[in-house]
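Accompanying notes for the structure given below.
The values are calculated or read from the model by the stated rules, or taken from the named source; none is laboratory data. None of these values were measured; they are calculated from a predicted model. Counting neighbours? That spans all protein chains shown, and the Cβs are built from the backbone with ideal geometry, glycine included.
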Amino acid sequence: MIWSPLLLSLQVTLVASLLISILGLSIGVFLARKKFPGQIVISTLLNLPLVLPPSVMGYFLLLVLGRGSPIKEWFGIDILFTWQAAALASTVVALPLMVESTRAAIANVNPELEAAARTLGSTEWEVLRQITLPTAYRGILAGFGLSVARGLGEFGATLMVAGSIPGRTQTLPLAIYDAVQMQRYGLANVMVLIMTAIAFGVLWWVRHLEARHPQSKPRSSPGKHPDETERRSSEAVAPLYPRRELYR
C-alpha cells in the first residue's frame, strides 16, 4: 500500500523535475535578459499557479488536455488519468518557483564580469555558460529545490487531471488523503512521515550546498576609476579563457 504510491510519486517528481529544470531555466534566463512589450503580462500569467487554487489549475489543464482540445483532437494525444498527466500537473504548479528564482538570480549577476568576458572574445553562449550560470547557481539551485518539493506535494491539480487510481495515478499525497478518508490513521502517519522526510531532505541538501560554497559578488568600489574596475573584472575572468587574446 505504501510502496506503490511512493514509487509513483518519485517517478512523477523525477519527470516533473526534468521539465521544470529545462523550462524554468530557459524562461528565467529569457525574462532576465530580454525586455519586450507585454513582459509584465507574461510574468504575471506564469506566476498565476502560485496564487490560484490547485483545483483551478487542474481545471485549466482539463480544458487544455480534454475532449475538444487541439492537443487531443488534432494531435491525438490523450494523457488524462495517467501518471504523465500527474507529472504535467506537478510541472505547471511548481514551474513559477523555478522561473522567478532563476530570473532574480540572473538579474543579480555582476554585469562587469560578463562585459569583461566579452572583451576577452567570448560569445553570448560562452558568457552564459561560463560566467552567468556559475555565478547565479545558488539562486537557481534554491528555486529548483523548492520546485521539486512543491511538485512532490502536489494534490489538487493532480486529482483533477489524473484521478486517484491505485497503482496507476495515486501518488503519495492522494494515498494519504484516501487513508484518512478510510480512517487508516496508522498508514497515513507512516506516509506523512515519509513525505516530510523526503521534502526535508531536498531542502536540507539545497541549504547544505549553499553553506559549503559561499558566493561573493565583486562590485565597483566607491571612488574607483572605471578603468580600474574593468581591469579587476578582466583579471577575475581571465583564468576561464587561458588561450584567448584580448584583441582578435
message: Among the residues that make up the stretch 53-72, is at least one of them in contact (Cβ under 8 Å) with a residue 40 or more places away in the chain and of a type in the set (Phe, Trp, Tyr)?
response: yes
message: Please go through (1) in contact with a helix residue (DSSP H, G or I) (Cβ under 7 Å, 6 or more places away or on another chain); (2) modelled with pLDDT of 90 or more for ALA197 and return the number of the only condition it doesn't satisfy.
response: (1)
query: How many of the residues making up the stretch 114-141 are aliphatic (A, V, I, L, M) and more than 15 Å from ALA32 (Cβ to Cβ)?
result: 5
query: If the Cβ limit is 9 Å and pairs must be 6+ apart or interchain, which residue in the stretch 94-114 that is buried (at least 23 other Cβ atoms within 10 Å of the Cβ) pairs with which residue that is of a type in the set (Gly, Ala, Ser) and not in a helix (DSSP H, G or I)?
result: THR102/ALA136; ALA105/ALA136
field: Any chance THR158 is free of Cβ contacts under 8 Å to residues at least 24 places away in the same chain and in a helix (DSSP H, G or I)
entry: no
message: Considering only the stretch 166-184, I want to know if a residue exists there that is hydroxyl-bearing (Ser, Thr, Tyr), at pLDDT below 90, surrounded by 16 or more Cβ atoms within 10 Å (Cβ to Cβ) and out of contact with any strand residue (DSSP E or B) (no Cβ under 9 Å at 6 or more places or on another chain).
response: no
- prompt: What pairs come up if the first residue lies in the stretch 126-155 and is of a type in the set (Asp, Glu), the second is assigned to a helix (DSSP H, G or I) and crowded, with 23+ Cβ neighbours inside 10 Å, and their beta carbons are under 8 Å apart, counting only those six or more places apart or on different chains?
  reply: GLU126/ALA117; GLU154/ALA86; GLU154/ALA89; GLU154/SER90; GLU154/VAL93; GLU154/ALA94
task: Can you work out which of the residues in the stretch 128-164 that are among the β-branched types (Val, Ile, Thr) and under 15 Å from the mean Cα position of the chain (by Cα) is nearest to LEU50 (Cα to Cα)?
output: VAL148
